[in-house]
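Notes follow once the structure below has been shown.
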Amino acid sequence: MNTFTLRLFGGCAAAVLSIGLCGAAFAQAAPAPAGDTAPKAARAGRGQRDRGMFKQLNLTSDQKAKLKTLRDSLKPRREAVMSNASLSEADKKAQLKALRTELREKTLQVLTPEQREKLKAQRAEMKSKREAK
C-alpha cells in the first residue's frame, strides 16, 4: 500500500468518529503544513494506529476489497484538488474535508453494526489515553 492510501484510510478511520460516533478530532490527510513541528515518524504513526484498529475489526475479504475500491476511487479526486493551483489553501482544505467525510460515510456503510460499535469503543479508548497524557 502506498503512503497516500495509508493516510487516506487512516484519515477515514479517524474521521469516522468525528461524524458523531465519538466526536473525536482527526488529523488532516493532506501533507503536514510547514509549521507542523511533530516528527515525521509521529505523523506517520497516525495511519499505523488506525490501520491496526481496522485489523481488530476482523474485516471480511469482501469488506477489505470494498474499502480498497472506495479509497482507490477517491484518490484521483484528492489528487485533482491538491494539484489545482487555482484553489486557495482554504478551498483545498474544505474540498479535502468533504472527500474525507464522503469516505468516512461510505466506510461506515461497509462495516457491520458490531464492527461500528467496536470501532467506536476503540476510538474512545484511544481518546482517553491521549487525554491522560
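Values in this text are rule-based calculations from the coordinates and carry no lab data. This one's a predicted model, so the numbers in the text were calculated from it and none came from an experiment. Here the Cβ is made from the backbone with ideal geometry for all residues, glycine too, and neighbour counts use every protein chain on show.
Given R0 = 22 Å, the distance between the Cβ atoms of Glu79 and Lys55 translates into a calculated FRET efficiency of 0.25. Treating r as the C-beta distance of Lys118 and Lys68 and R0 as 30 Å, the FRET efficiency rounds to 0.90.
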